[in-house]
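The block underneath contains the structure these notes are about, expressed in C-alpha cells.
The values are calculated or read from the model by the stated rules, or taken from the named source; none is laboratory data. Predicted, not measured: the structure shown is a model, and the values here were computed from it. With ideal geometry, Cβ positions are generated from the backbone for all residues, glycine too; neighbour counts draw on all protein chains shown.
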Amino acid sequence: MFLAAALFGLLIFRRLGLGSVLGFLFAGAVIGPWGLNAMSSPATVLAFSEIGVVLLLFIIGLEVQPKRLWEARKQLLGLGSSQWLITAGAIFSIAYLLDIPLKTSILLGLTLALSSTAFALQMLAERNELSKPHGQTGFSVLLFQDLAVIPLLVLIALLGQESEGLSWKPVAGIGLIILLVLSERYALRPLLKFVARSKSPEAFSGAALLLVFAVAVAMHAAELSMALGAFVAGILLADSEYRHELEAAIEPFKGLLMGLFFVAVGASIELGLLVEHPLQIIALVAALIFIKATVLYQLGRFNKLNKASAMTLALVLCQGGEFAFLLLAEMTGQQLLPLDLAQLLVLVVSLSMASTPLLLWVFDRWIAPQLSKPEAREFDCIENDKPQVIIAGFGRFGQITGRILGIRGIPYIALDSDPTQVELVKRFGNKVYYGDVTRLELLRAAGAADAKLLVLALEDVQDSVRLAEMVRSSFPHMKIFARARNREHAYRLMKLDCELVSREMYASSLEVAKATLAEIGLTESAAANTVRLFRQHDEDLLQAAVEHLDDLEKRIELAKQTQRELAELFDSDEEARA
C-alpha cells in the first residue's frame, strides 16, 4: 500500500515538476485518516520511518570529515545560534502577545524556530545544492538545531510543573555521544574490519545497519535526537577505509525509509482541524513561514550569499521541524501546553512542511530567473591603439593567445560579452573590454579596419559563425583564425574561408591517444607515426566533407572510406605496426 501510494504520488508530482517530497506528502494524505483511511496509525508509522532520517544523517556524516567540521565551527555556532535565537525571539513575542503564558511562549519560540532536517536536506540533495554556498550554510544551521534539541529537552523538564529536577536522560545522551567518540578506534573500526574479512556484501550491509540502528536506539532511549547520534557515528567513520562501502550499503534503505517518512507526515496532517479553523491555521502557517524566511534571508545576505542563494536558503529552511512533534508532545506531558493547542501547532508545522516544496517551485519558476539576470552594464569605451590582432572571446581558449601575444609585445585588443569574465581576467593584468563582439560598430571601434588578424574564440557557435560572416563582408582584408567547438562548427567556418580552423580539444586528444598507444606497448616512434597518419587523413576528410555539408549520408560514407583506408595502411606499414 505504501509503495503503491508513494509511486503514484511521486510520478505525478515529478511530472508536474514539484519534486518527490510533495508527491510523498500527497500520497500520505490520500491513504491517511482524512483520505481513504487505509492507515490506522500514522503516528506509529511516522515514529518508525524516522529511521530514514537517521540513515540520511549517517550518510551525510560520512561525507563530513572531522577536520572540515572543525573548520566550519564559526559558521555552525555563529550562524546556527543566530538563526535559532532571533527566530525564537520573534515567535515568542507573538505568542506572548496572544496571552500565552511566559514559560510556554519561550518554549514555543525555541521549538518552532527549528527546521526540518529531513525536508531541507532531501530538497537540497534533489536540487544538487548541498555543496553550494546556501547548501553548506543550510547544513550548518540544521546541524546546530539538532544539537539544540538536547538543551531544549532539559529546559522543558526544568520548566515542567511536575518535574522533580533535571532529567537524567539528556545527560545520558551526552554520555552516549562521548562513549561513541571513544569507541570509534577500539570498537567500530575493528568490528567493520572483522566483517569485511568475510568478503560477504550481505554481512557488511547487516553490520552497517546494525551500527546505525544501535546508535539510534540508544539515543532514542535517552529521548534525544537519533539523527544526531547517527551523524556523529558517520563523522567518526568519515576518514575510515570503509566509508564508501558503508555508504553503498546504507543508501538503498535510506531512500526507501525517507519516502516512508514523508508519506507518514502526509497521513498525520489533521485535515479536520483545517476544515474547522481554516483562516486561523492558514494565518499561523503563513506567519511561521514568513518569520523564518525573513530571518534566514537576512542572515544569508549577512553571510555574503547573493540574493538568489539567500532566497533559496530561506525557502528550504522556512518550515517547522520534525523535532517539533517530539517537543510539543513533551510540553503537553509536562502540562506546559494544552492538548488542543498542541494539536493545532502540529498541524501548522505539518502544513509548513507541505508548503515548502510548493514555495520552492514558485521560486524556481518565476523569481529565480529574475534574480539570476545580470545587472545591465554599459559597454566599455575602447582605446584604439592600432592593434595587429583582435581576439573575440577571452575565455579559456582566447586567453592563451592573448598571454603569448602580450609576452612578445604584440599589440592586441580582446573583447568579451561576459562582464564577470572581463572583470576577472582584468585582475590578472589582461587588456580586455566588455562588449557585444557581434556588433559591427564595436569591431570598428576596436580597430578592425587596420588589424591584420581576428582570433575567433567565441564559445557560442551561432555567434561565432555570425561574426565570421560579418568580418568577411566588412573587413575582407583581415584573416580569421577560428576555434571550432565541434566538427559541424568547423565545416561552417571553413565554408567562410577562415584561414585556420582549430577544433577544440583536437590536438590534446591526439596527444592522449599517442600516450595511450605508447603505454600499452607500441614504441614511441610507432605511436607518433600512427597519430601522424591519422591526423593527416582526418584533415583530408575534413576538407572533402566540407563540399557535402548538407548531405549527412555522403559524409558518413566518406568517414567509413577513410577508416578503411587507414586500417589498410596500418596493416601494410611496418613502422606503424612496430
Contact list, first residue from segment 436-450 and among the acidic types (D, E), second anywhere and surrounded by 19 or more Cβ atoms within 10 Å (Cβ to Cβ) and outside any helix (DSSP H, G or I), beta-carbon distance below 9 Å, six or more apart or interchain, is D436/L415; D436/S417; D450/P387
### Message
Looking for something more than 30 Å from E202 (Cα to Cα) and free of Cβ contacts under 8 Å to residues at least 24 places away in the same chain - is there at least one such residue anywhere in segment 251-274?
### Response
no
Test: A457 is in the same structural domain as R555 (by TED's automatic domain parsing) and surrounded by 13 or more Cβ atoms within 10 Å (Cβ to Cβ)
no
Flagged in segment 106-134 as surrounded by fewer than 19 Cβ atoms within 10 Å (Cβ to Cβ) and in a helix (DSSP H, G or I), in numbering order, are A125, E126, P133
Subset of segment 292-313, residues within 17 Å of S352 (Cβ to Cβ) and out of contact with any Leu (no Cβ under 9 Å at 6 or more places or on another chain), comes to T294, V295
Apart from one, (1) among the small types (G, A, S); (2) under 38 Å from the mean Cα position of the chain (by Cα); (3) at pLDDT 90 or above all hold for A448; the odd one out is (2)
**Study point:** Any hit, segment 245-253, residues being at pLDDT below 85, buried (at least 20 other Cβ atoms within 10 Å of the Cβ), assigned by TED's automatic domain parsing to the domain that holds L22 and touching a Leu at 6+ places or on another chain (Cβ under 9 Å)
**Key:** no
Margin query: Taking the criterion of being farther than 14 Å from P387 by Cβ, crowded, with 16+ Cβ neighbours inside 10 Å and in contact with a Lys or Arg (Cβ under 9 Å, 6 or more places away or on another chain), would at least one residue in segment 439-454 satisfy it?
Written below: no
Taking segment 1-28 and the residues there that are in a helix (DSSP H, G or I), over 9 Å from V263 (Cβ atoms) and among the aliphatic types (A, V, I, L, M), the one that is nearest to the chain's Cα centre (by Cα) would be V21
Selection from segment 147-173 of residues modelled with pLDDT under 80 and under 25 Å from G300 (Cα atoms) yields L147, V149
If you go through I51, I60, I100, I91, the only one that is aliphatic (A, V, I, L, M), in a helix (DSSP H, G or I) and within 28 Å of A286 (Cα to Cα) is I91
Exactly one of L102, L98 is free of Cβ contacts under 8 Å to residues at least 60 places away in the same chain, over 19 Å from I289 (Cα atoms), in the same structural domain as L345 (by TED's automatic domain parsing) and loosely packed, with under 15 Cβ neighbours inside 10 Å, and that residue is L102
Requested in this report: Inspect all residues belonging to segment 277-289 and state whether any of them is in a loop (DSSP other than H, G, I, E, B) and touching a residue at least 24 places away in the same chain (Cβ under 8 Å).
Outcome: yes
Restricted to segment 405-421 and to residues being surrounded by fewer than 17 Cβ atoms within 10 Å (Cβ to Cβ) and over 34 Å from the mean Cα position of the chain (by Cα), the residue nearest to A446 (Cα to Cα) is P411
TODO: Go through the residues of segment 300-310 one by one and say whether even a single one is under 20 Å from L192 (Cβ atoms), part of a helix (DSSP H, G or I) and of a type outside the set (A, V, I, L, M, F, W, C).
DONE: no
Only one of L77, L22 is over 23 Å from P357 (Cβ atoms) and of a type in the set (A, V, I, L, M, F, W, C), namely L77
Restricting segment 514-549 to residues that are under 41 Å from the mean Cα position of the chain (by Cα) and of a type in the set (D, E, K, R), the one surrounded by the fewest Cβ atoms within 10 Å (Cβ to Cβ) turns out to be E519
Residue set R483, R472, R487, R466; condition closer than 22 Å to A507 by Cβ, surrounded by fewer than 19 Cβ atoms within 10 Å (Cβ to Cβ) and of a type outside the set (A, V, I, L, M, F, W, C); output residue R487
So, T356, is that one crowded, with 22+ Cβ neighbours inside 10 Å, in the same structural domain as I94 (by TED's automatic domain parsing), touching a His at 6+ places or on another chain (Cβ under 8 Å) and under 15 Å from F119 (Cα atoms) or not? no
Please verify whether segment 291-304 includes one or more residues that are surrounded by fewer than 22 Cβ atoms within 10 Å (Cβ to Cβ) and modelled with pLDDT under 90.
yes
Within segment 28-48, residues being in contact with a helix residue (DSSP H, G or I) (Cβ under 6 Å, 6 or more places away or on another chain) and closer than 23 Å to A227 by Cβ number 4
